[in-house]
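The values are calculated or read from the model by the stated rules, or taken from the named source; none is laboratory data. Every value quoted in this text rests on a predicted model; they were computed, and no experiment measured them. Cβ sites come from the backbone with ideal geometry, for glycine too, and all protein chains shown count toward neighbours.
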């Protein structure tokens, strides 16, 4: 099992950012004010509660603990200035790609795939957090086409197999 000491500070930050990048990528795919609030709340809950695959449990636990500490200390992980939505989304995908490369280089295949699957599960929980297009709770869809596309892009970027 990999630990924080197996990664440089830059690599560790990439993994921390991967957690928020995966969730935020889905949030920005089809954004509404109320939906974004629900989805951001879902992101925090998913990070807290989403069980990691056993092969990646120690790595996930260490990252979540570090993320909580940074949040409590109000430390920012942001490394780029805010740009237009599409530019930000490209930066998020590139961050996920970089994190996947670090995982592939530093972790066993089981641990790397476990962590990447956990990231995807967080993104899926965010996508399912708000029923889009409903009026007073009637109609709408749980996961929009734009969110499905975002999830597929995350899956591909992380190098995970498509669901059958």
If you check every pair at least six apart or on different chains, which have Cβ atoms under 7 Å apart with a residue in the range 33-58 that is on the phi < 0 side of the Ramachandran plot and in contact (Cβ under 8 Å) with a residue 60 or more places away in the chain first and a residue that is crowded, with 16+ Cβ neighbours inside 10 Å and in a loop (DSSP other than H, G, I, E, B) second? 35/130; 38/129; 38/130; 39/129; 39/130; 42/129
For the range 69-83, check the following and say yes or no: at least one residue is modelled with pLDDT under 95, farther than 17 Å from residue 16 by Cβ and in contact with a helix residue (DSSP H, G or I) (Cβ under 9 Å, 6 or more places away or on another chain). yes
Single residue of 3, 28, 24 found to be under 14 Å from residue 63 (Cβ atoms) and either at pLDDT below 95 or in contact with a strand residue (DSSP E or B) (Cβ under 7 Å, 6 or more places away or on another chain) (or both): 3
So, in the range 46-66, of the ones that are over 13 Å from residue 2 (Cβ atoms) and not in a helix (DSSP H, G or I), which residue ends up modelled with the highest pLDDT? 53
Hey, residue 36 closer than 18 Å to residue 151 by Cα, modelled with pLDDT of 85 or more and either in a loop (DSSP other than H, G, I, E, B) or over 14 Å from the mean Cα position of the chain (by Cα) (or both) or not: no
